[in-house]
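Encoded as structure tokens, the structure appears first; notes follow it.
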Ligand code: GBH
């Protein structure tokens, strides 16, 4: 059944995809933004320098057994000291934007928002100024999972509604200090992952995993309210003067119904509700999805009218992180994985004689380029065609110490991945989806959360054994050529 479904989706995709082999910069609008992305904890390092306070990932990574290779982000790839070198690489590859995140505990070391850390402000000023000097647009995420530890230890982090206010103070400080130069803001990265992996499976900091607990839903709720509060402050106090835009980054696997049976079609729709609708429905449609309310009952918090008001339309653009897809079919409630059981879905990636796509290094990541086009069309259709930036897309290789460097730099599957997924984006644009930008994950190999340094997502290879030296991979050279355009024009001029 899986095999048949795969064949039919791929036939459909191939027949539409006649432009793939000649994919070029010219298939995208002239003002379309191409960038690369990273996050503070994964690349910055200098965890104990410049007055930075500890964050929940410092504690989590130093807890025995949490990270595959036992490592942490204390040094990471040391972008704190090498930001100029890294920005120069962005320029060299021909990208025009850099999505990075600010470390909250570098701005407010204990998160309480009383004493701002000037060294932190200075670091980001330097980074932003250097980006602008080199013609790269800074796109800033305020929160990419590195909560100041004190906020977790003293008031249970995202489980407490007081976090909304602390996040708002931090966000306002960033707008006030950097907003004269930063015109694209993202409040939170992937609230879904914080909720599910931070508070249900426990594989991410703060590592909570209670069975049948309301915690993931509460953590999601407070993230939504914190997002909305920050956006409201930006719009009231800064937007007119500074002229920027602000959005939220959500992540979603595409869910393709395994069969045409109504049970599978609704199961796939439900699966999307539980990823995307959880966050975008309250923003665009005024409340959590019906499917979630029905299934979760009292586990799901309720929005007050005031909450609904502040959430409504609280994005100027949708940031979408997308890596992979699954076939989805209906499965009745069984097993003890409450999060999926309550959704009554099963996700299928592999079967006896095949898989949904080629496998990357991470066990969850299969190369499925057609999923992105479908997901983009879904967002456009359900939410009335909002502006979208694909804020992350990419794949990883296994860290392999024994292969010679030149082999590790020749990342053929990654080149194929980017070609396929970019073709998918360009087809969505042709369908009328308002996609405005695309950011490859990631600029450099980095700390891949619970997988430590065992997985490499970079366009640029980092030699951890030789002073963190950077080397461009084939995919970086591919982008360099692609972004210049076959006709020698970079497509930037109007
Ligand atoms: C992104 O999340 C993150 O924003 C980025 O920081 C990260 O480096 C990048 O992905 C690559 O992973 O190990 O089976 O428990 C994408 C969503 C969330 C998908 C965590 C994989 C782990 C699944 N990812 N999830 S598992």
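Data overview
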{"quantity": "Condition met for residue 425 (crowded, with 23+ Cβ neighbours inside 10 Å and more than 16 Å from the ligand (Cβ to nearest atom))", "calculated": "yes"}
{"quantity": "Residue match in region 63-75 (condition: buried (at least 20 other Cβ atoms within 10 Å of the Cβ) and either at pLDDT below 95 or more than 23 Å from the chain's Cα centre (by Cα) (or both))", "calculated": "no"}
{"quantity": "Residue satisfying all of: in region 223-248; surrounded by fewer than 24 Cβ atoms within 10 Å (Cβ to Cβ) and not in a helix (DSSP H, G or I); farthest from the ligand (Cβ to nearest atom) among these", "calculated": "243"}
{"quantity": "Residue check for residue 266: on the phi < 0 side of the Ramachandran plot and assigned to a loop (DSSP other than H, G, I, E, B)", "calculated": "no"}
{"quantity": "Qualifying residue in region 249-263 (condition: at pLDDT 95 or above and assigned to a helix (DSSP H, G or I))", "calculated": "yes"}
{"quantity": "Matching residues in region 350-370 - criterion: being touching a strand residue (DSSP E or B) at 6+ places or on another chain (Cβ under 7 Å) and surrounded by fewer than 20 Cβ atoms within 10 Å (Cβ to Cβ)", "calculated": "355, 358, 359, 361, 362"}
{"quantity": "Region 36-53, residues that are farther than 10 Å from residue 78 by Cβ and either part of a loop (DSSP other than H, G, I, E, B) or away from the ligand (no atom under 16 Å from the Cβ) (or both)", "calculated": "38, 39, 47, 48, 49, 50, 51, 52, 53"}
{"quantity": "Counted residues, region 278-297 - those being assigned to a helix (DSSP H, G or I) and closer than 13 Å to residue 343 by Cα", "calculated": "9"}
{"quantity": "Region 182-216, subset away from the ligand (no atom under 16 Å from the Cβ) and surrounded by fewer than 21 Cβ atoms within 10 Å (Cβ to Cβ), residue modelled with the lowest pLDDT", "calculated": "211"}
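Every residue, every condition in (1) in a helix (DSSP H, G or I); (2) under 25 Å from residue 218 (Cβ atoms); (3) at pLDDT 95 or above, yes or no:
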residue: 95; (1), (2), (3): no, no, yes
residue: 109; (1), (2), (3): no, no, yes
residue: 114; (1), (2), (3): no, no, yes
residue: 122; (1), (2), (3): yes, no, yes
residue: 146; (1), (2), (3): no, yes, yes
residue: 150; (1), (2), (3): yes, yes, yes
residue: 166; (1), (2), (3): yes, yes, yes
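The values are calculated or read from the model by the stated rules, or taken from the named source; none is laboratory data. For clarity, every value in this text was computed on a predicted model and none was experimentally measured. A quick note on method: Cβ atoms are made from the backbone with ideal geometry, for glycine too, and the neighbour counts reach across all protein chains shown.
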